Each structure stands twice: as C-alpha cells, then as structure tokens.
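Everything on this sheet refers to the single structure shown next.
Only the coordinates and a few stated rules stand behind these numbers; no lab work does. Model, not experiment: these values are computed from the prediction. A quick note on method: Cβ atoms are made from the backbone with ideal geometry, for glycine too, and the neighbour counts reach across all protein chains shown.
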Amino acid sequence: MAYANRNQGVFIPYQQLVDLRSLNHPHVTFVHGPPIGLINPRNGPVGPPQFVPIGVTFHRSFHELLIRMEEEKSRSLLQFMAGEGLVPSPEEEIKRKNAIEKLKQIVMEWIKRVACNRGLDERHIPAASAAVLTYGSYGLGVHNSESDIDALCVGPRFATMGEDFFVVLHNMLTSRPEVSEVHCVKDAKVPLMRFKLDGISIDLPYAQLKVMSVPENVDILNLYYLRNIDETSWRSLSGVHANKWILRLIPNTKVFQSLLRCIKLWAKRRGVYGNVRAYSLLLGFFGGVHLAILGAFICQRYPNARLSGLISSFFGTFTFWDWPKPIILQDGTLPISGSAAEPRSFMPIRLPCRPHEYCHSNITKSTFYRIRVEFLQGHTLTKDLLRPDFDWGCLFEPFPYAKKYTRFVKICLSASDQDELGEWVGWVKSRFRSLLVKLEEIQGFCDPNPTEYVDVNVAEPNTVFYWGLQQERSHFLDIKPVKDDFVKSLSNGPTGKITLLVVQASQLPKNAQFDSESNKGYLNPNANLN
C-alpha cells in the first residue's frame, strides 16, 4: 500500500519496501541525496513508522503504477489460492449447508423431547427451542473442501449436559442413518460430541443458558443470555464469541477472509499450524483462532490495504513484534493495555470478548523459535513482492524437514485395533508437551513436526511422528531415560504401545525424504513407510 503527497512523493510502508531499481520503470528517476528518510504520513495507517527513499523522485503516474502493481499481485495471489483448492466448490458449499440444516432440525426435535421428559407444561413445549451456531473456519467463511465444521449447541436451562446432551442427543444422533462415528469427549476442557453427518465431520460442544427458550437466531453477544452461566458453558461459547467479535471489528470481511486463507496455508506448509484436535496446538503452534486474530490485527492496522500489501505487512509486523507484548484487537471502547498478558506465554494473543481471555497456548522455547524463524523468512520473501519476477509459490514452499535436520526422534504409537489406537493416540498427544520440554532440556531444541504417519511394516494399527533434533548437538542421545520418564506421565489413561527411537535423516522413509522435483520436502499425512 503506497501513499502519495502533494509534492508527488510516495510513502511506502517499511514492510513493503522494494528495490525501486528492480522495477526498471521509466517513471522512476534516481537523484543524489540521503538514502533513507523517516516520516509519519498524516493519513497513513496506525502502526510502525513509514520510510521513503529521499534520493528518488517520481513522475505523476508512479503512484498509479504502484497501485496497479499491487492490484495485479493481489489478483495473482487469489489465482494461486484457487489453484491450491482453498475455496470450496458450490456443490461442497451446498452439502455443508444441508448438513447444518439437518443438525438444526435434530437439535430442535431433541429439545422438545427433553422438554417432555422434564415435565414442562404442555403449553410451553411447542415454544421450547435450542440453537446451533457455527464458528471456527466455517463460521469465518475461510473453510476449504477438507475442513470440518465447528458447531455449538446452545440449550435452555432445563437441558443438562450430562443427561440430556451426552445421553438423549447422543442416542438420537446414533439412530440416524446419515450420522456415523459418534464419539463423546467428556473429559476435555471443552466437552463435545464428534461425529460425521452426511460424511462431514462435526465437532459439537454444548452451552447451557439460564433462559427457558433459546431462539434460533440468538445473539450470543447480548449480555442478557450470558447471565450466571457456568464455566464450562462459557468456555464452549468462547469460539463463537471470538468469531463474532472478529467479524464485527474488521474493516473488510472479504479481504480479511482472503488474508486468513493465505496465512493458514502458509502456516500449514511451514509446519507451525494445527487445528484444535491436532497435537501441534498442544505443543504451542498456531491454531485457527490465533491466526484469525493475527490476521484481523493486520486488517485493523491497514484498513485500506490490498491483499498483497496485507501479506507483506503481516510478516513485517510480527517479525519485529516486541514479544511477549500481547496482540490485542481494538474494539473502540476498551482500554488497550499490554500489562494484563499472561506472564507464562511467549506469544500472548487476546481473545476479543468479555471477560478478556487469552488464546490457549502451550508454546515452548522450541516452537517459539520456529514460529519467529518462519515469520522472518516470510518477511524476507515478501518485502520485495512488487518485483516483476516475484512468485507466490516461494512463500508457500513446504518446510523441508529431512533437509533441515540430520536426526529425528521417532515416536511410534500402536494398539490392537483402530478404536483403541484413536483413544491411545489422543491420550499421548495430550501429554506430548512434557516430552518436548524434556527433549529441550537435553538437546536445547526440538522441532515437533505436526505430520502423522502410518508404518505399514508394523502389523498393529499405528501412528508415527518424527521430531527434528538440533544439529549442533550431534552426540548420541540416550532415549531410554526420556522414554521411561514420559511413560510415567501416561498412567491412569488408555493403554497402548509406545516406541521411541533416535533415527538419522537417511533412515526416514523414502516418501519423507526431501525431493526438490516432487513434493519438495512436504511430509504427506498418513504416508506409508517403505
């Protein structure tokens, strides 16, 4: 995003500074003068100072040229995103909408059945109502063809979680032919049911409001509905709250959605992203809500910027951010203060809802370092994105694990059948952070690659992980004491087998090796180990 003054000068935010000589355009003339000047344009965005090359004069059309170049780069990025399958087809959109409508119908049938079971007056039963609210990537409009749906069931005061949600609604779902793989996750921080409806995976937590009826279009930001709710319901509501506040605070929804799709693809490809179910979030990498708030923060700072400029500003801003200064969206009413950040967090990101809370984060020294390195690389690649030869593909190159690390910790989890494996893997993932911290104590650094594998040479159902180890510490790592210590933390839960080994990069399966001509090091999910 560039700004012109009355003297034909052009101010370019420092995140987007380019070598103007590389543009090789006749409307740029270089004259003698100091190389860099510092100025804050009167109408510029709130944020870092702006720099202008004083030793450069521009013809009148150069500002229009920069705008056209930014527009062209933005269009090319949108084309790149479409080629990557980030936007679902109309048919896929209809399928998701139909699934949500079916779920709403089931929930309405459920709440009336609960009203009967609870002995409500027959006159009040027809008015009994509950709501289904979507959030997460689907609620923000940034889902793709492979995305699951996060939906929240909001019920009235007489519908309990333990009996009515996890028993009555569960039984109703399992009896439907279009519903499959129904699982109850009762012990999580946010209890939920997980199932597939018409083949679409849905996570459904529950929130109980202290009202007799919940309208289908309930305004969950209205304080009337939030009075005296319990802590579990509040946590269940937090995702919907965050979504609605983000959409309310951003200046341009369409531009924000495009930006968020881009940075999610970047984070996935570079191995610093995982959804709520992924263990990468448990280890301190980004989840969807983290990236949504970071993207909204940039949109607020640069409300008139085009997509290409926002991408450059995203990396420039967070590369030089003074962590642990918190990221806080401005809502125009609440004081913005950095003193309330969680002291234990390396990268505090505040949820935009009341009472103000911070996004859950288990970030460690290793994951903090990895994220900062990726920010820096993104900044290095995009600061000159107006160059004629700039290619968006370079920003989304998958992280080459097998080329970056010479040794890995191989973690193999197995069980007698697939259902037991799912419970076992979930339990181990929830304890992975303690394993990472232990490896950090010994090695100084460990990169927990989020990709999961299946070893076809192991007879039992299994899941395999590879974590990169610091190259400088090349001495042999005795993994047995680390494993013994970690296994102790796995007691009082599901049981299964676990194997920990230190392997060389040369021992990785062939389809996990770095290959510049095929997948360029991208470790494909559920790859077979040959």
**Q.** Packing-based ranking, highest mean first, of 149-157, 209-217, 487-495 given that Cβ atoms within 10 Å are counted
**A.** 149-157, 209-217, 487-495
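Work out how much length residue 127 to residue 61 would gain on full extension: take 0.36 nm times their residue separation and subtract the Cα-Cα distance, in nm to one decimal.
Result for the pair: 17.3 nm of gain on full extension.
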**Q.** Charge dipole (debye, nearest 20) of the stretch 215-260; +1 at Cβ of Lys and Arg, -1 at Cβ of Asp and Glu
**A.** 220 debye
Q.
Give me the extension gain from residue 487 to residue 176: residue separation times 0.36 nm, minus the current Cα-Cα distance, reported in nm with one decimal.
A. 108.0 nm
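Given the peptides 244-253, 400-409, arrange them by the average over their residues of other C-beta atoms within 10 Å, most packed first.
Order by mean packing, descending: 400-409, 244-253.
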Q) On average, how much area does the Cα convex hull of the stretch 341-411 cover when viewed from any direction, in nm²? A) 8.0 nm²
Q: Enumerate the residues in the stretch 492-509 having an amide nitrogen under 16 Å from the point lying 7 Å beyond the Cα of residue 416 toward its Cβ.
A: 494-498
Q) Short version: what are the Cα gyration tensor semi-axes of the stretch 86-130, square root of 5 times each eigenvalue, largest first, in whole Å? A) 34, 7, 6
Q: Within the stretch 239-257, find all residues whose amide N lies under 14 Å from a label point positioned 7 Å from the Cα of residue 330 along Cα-to-beta-carbon.
A: 249-251
Q | Point-charge dipole on Cβ atoms (K/R +1, D/E -1) for the stretch 129-238, about Cα centre, debye to 20 | A | 320 debye
Q.
At R0 = 41 Å, how high is the FRET efficiency between residue 212 and residue 254 if r is their beta carbon distance? Nearest 0.05 is fine.
A. 0.60
Q. What residues from the stretch 89-112 fall in the zone where the backbone N is under 14 Å from a label point 7 Å along the Cα-to-C-beta line of residue 144?
A. 89
Q: Starting at the first residue of the stretch 419-436, write each ³J(HN,Hα) from the Karplus equation 6.51 cos²θ - 1.76 cosθ + 1.60 with θ = phi - 60°, in whole Hz, x for Gly and Pro.
A: 5, 5, 4, x, 5, 5, 5, x, 5, 5, 4, 5, 10, 4, 4, 5, 5, 4
Q. Are there trypsin sites (Lys or Arg not before Pro) in the stretch 430-485 that DSSP marks as loop and that have at most 13 other Cβ atoms within 10 Å, and which are they?
A. 473
